[in-house]
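One structure is given here, and the rest of the page talks about it.
The values are calculated or read from the model by the stated rules, or taken from the named source; none is laboratory data. In this text the structure is predicted, and so the values were computed from the model without any measurement. In this analysis, Cβ positions are derived from the backbone assuming ideal geometry, glycine residues included, and neighbour counts consider all displayed protein chains. Side chains are part of the model used for accessible areas, which takes the heavy atoms of the whole protein and leaves out ligands, DNA and RNA. Shrake-Rupley method; radii C 1.70, N 1.55, O 1.52, S 1.80 Å.
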Amino acid sequence: MTEPTGSPFEQSAPPGCPAHTGAGAGTGTGSNSVRLGGLEYQQTPSQLYRSLRKEHGAVAPVLLDGDVPAWLVLGYSEVSYVTGHDELFARDSRRWNQWEHIPADWPLLPFVGYQPSVLFTEGEEHQRRAGVITEALEGVDQFELARDSARIADRLIASFAGSGQAELMSAYAHALPMIAAVQMCGMPDASTDTQQLVDDLRISLDAHEGDDPVAAYTRVAERIQLLVKEKRDKPGADVTSRMLQHSAGLTDEEIVQDLISVIAAAQQPTANWICNTLRLMLTDERFALNVSGGRLSVGEALNEVLWLDTPTQNFIGRWAVRDTQLGGRQIRAGDCLVLGLAAANTDPQIWPESHVGPENSAHLSFSHGEHRCPYPAPLLADVIARTAVETLLERLPDLVLAVEPHELTWRPSIWMRGLTSLPVQFTPVAH
């Protein structure tokens, strides 16, 4: 990949952990910078977004883990502008002017440490890599995916239906999209290393205290390397084989990196989309009359969650190509911008009365611009999530929460919006 003009990358930096000593390290480091974290943020981030808007406007100076400075882009128009202008705000993280301050065990390294994946490519190289993913995903039959997802759902529901109770996050919402994703990519869904892959993806994307996200990411890469080798030797009708056979001629390493992006995007966000939708339908009286599964009500709930409780709250990020201005702020070359997708979706400039119409899908939950989720990934995620919710409510029509709604808690993450658990109870069903 060609190096962007005016950004002197250190050639000696090890892959995944570049050492870049750019000129401008002056991102919003003043006393008014807000730390992204803490219990209040985790449970009620919308309140923090409101206070940040009131004090700072559409672009706020924030501090990431270890008090590393960055900008949080809160406004809908501003997020759309950043994601729509790659020539100003690019994805190659080696531009970052903070690398000299980043320790090797920094917990956000799996997000920002440069990898030769489609996530960090730019220009023609990004179009080439994203084109391969798009065409490989276009080969997925959506009706077949719905049937597969329903079969997976039935199997998972059967494992707890007889007990009359379940914790849906672990037993259902996380497992279903992961199994569906690995099946699409050609992995056997019942293998023990698939569950290890689920665990390692969770750790690398959203580490809990005591977890090692860097080691987890390494294990993920090793398992996907094995999958690519298996499919090169014995191709099939799956996403991995289609990527290997594509005329663009991606290397095995490129395919490994891009498959990790595809599987991670299919699993964590879709799992939280499923669970957040179930939470909404089980706690909001607007859905109570239809909780046994009207197709329209499920669709409304899925769309409302993308607006008001989007699974990917914040995304890191973009890096300023040169000095510029955004939302009245002076952004310096190499500054990091965190895309506040959840804040943008609830921007009072677009929702002055906080009203979300079920027909409106102009949210930024799948991002925007050149680096948005490649088509048809959002459609496939919708098939998986919609099938998961509908099947569960059809099989267990008297499903209710096993705790009071206020007892549900959100996971301690500024990146993903998902519950720590979703305990439910229902009339036991023999399978």
Label W351 and E55 with points 7 Å out from Cα along Cα→Cβ: what is the distance between them in nm? 2.3 nm
Region 100-108 - phi-based ³J(HN,Hα) in whole Hz, Karplus 6.51/-1.76/1.60, Gly and Pro as x: 5, 9, 9, x, 5, 9, 4, x, 8
Relative packing of 48-56, 311-319, which averages over residues the other C-beta atoms within 10 Å, highest first: 311-319, 48-56
Rounded FRET efficiency, nearest 0.05, which uses the C-beta distance separating S361 from E394 and R0 of 22 Å: 0.35
Once amide H atoms are placed 1.01 Å from N in the peptide plane, what residues at a sequence separation of 5 or more from L419, or on another chain, have their amide H within under 5 Å of its amide H? R411
Pairs of alpha-carbon atoms within less than 8 angstrom and 6+ residues apart define the contacts here; what relative contact order does the chain have, in percent? 25 percent
Specify the inter-centroid distance of region 405-431 and region 118-138, based on alpha-carbon positions, in whole Å. 35 Å
Mean accessible surface per residue for region 103-198, computed with a 1.4 Å probe while every protein chain stays in place, in Å²: 41 Å²
Under Karplus coefficients 6.51, -1.76 and 1.60, residue-wise ³J(HN,Hα) of region 52-59 in Hz, glycine/proline x: 5, 4, 5, 8, 10, x, 7, 10
Calculate one ³J(HN,Hα) per residue across region 155-167 by plugging θ = phi - 60° into the Karplus curve 6.51 cos²θ - 1.76 cosθ + 1.60, and present them in order as whole Hz with x for glycine and proline. 5, 5, 4, 4, 6, 10, 4, x, 8, x, 7, 6, 10
Below 12 Å, Cα to Cα, which aspartates and glutamates can K229 reach? Residues fewer than 8 away in the same chain don't count. D252, E253
FRET efficiency, K234 to Y375 (Cβ-Cβ, R0 25 Å, nearest 0.05): 0.30
Looking at A150, V140, G162, which one has the Cα that reaches farthest to the positive end of the dipole of region 75-162 (charges on Cβ: Lys, Arg +1; Asp, Glu -1)? G162
Of the accessible area of the chain, computed with a 1.4 Å probe and all protein chains kept, carbon and sulfur make up a percent value of 51 percent
Among T240, T387, T409, whose mean-square fluctuation peaks in a Gaussian network model of the chain (Cα, cutoff 10 Å)? T409
Between V118, V383, V338, which gets the highest mean-square fluctuation from a Gaussian network model of the chain, Cα cutoff 10 Å? V383
If one builds a Gaussian network model of the chain from Cα atoms under 10 Å apart, the most fluctuating residue listed among S163, S241, S413 is S163
If packing is taken as the mean number of other Cβ atoms within 10 Å per residue, what is the order of 69-75, 91-97, highest first? 69-75, 91-97
What number comes out for the charge environment of G139, summing +1 per Lys or Arg and -1 per Asp or Glu over other residues with Cβ under 12 Å away? -4
Relative contact order computed over region 306-396 (Cα-Cα under 8 Å; 6+ residues apart), in percent: 25 percent
Test of understanding: what is the full-extension gain from S159 to D67, defined as 0.36 nm times their sequence separation minus their Cα-Cα distance? 28.7 nm
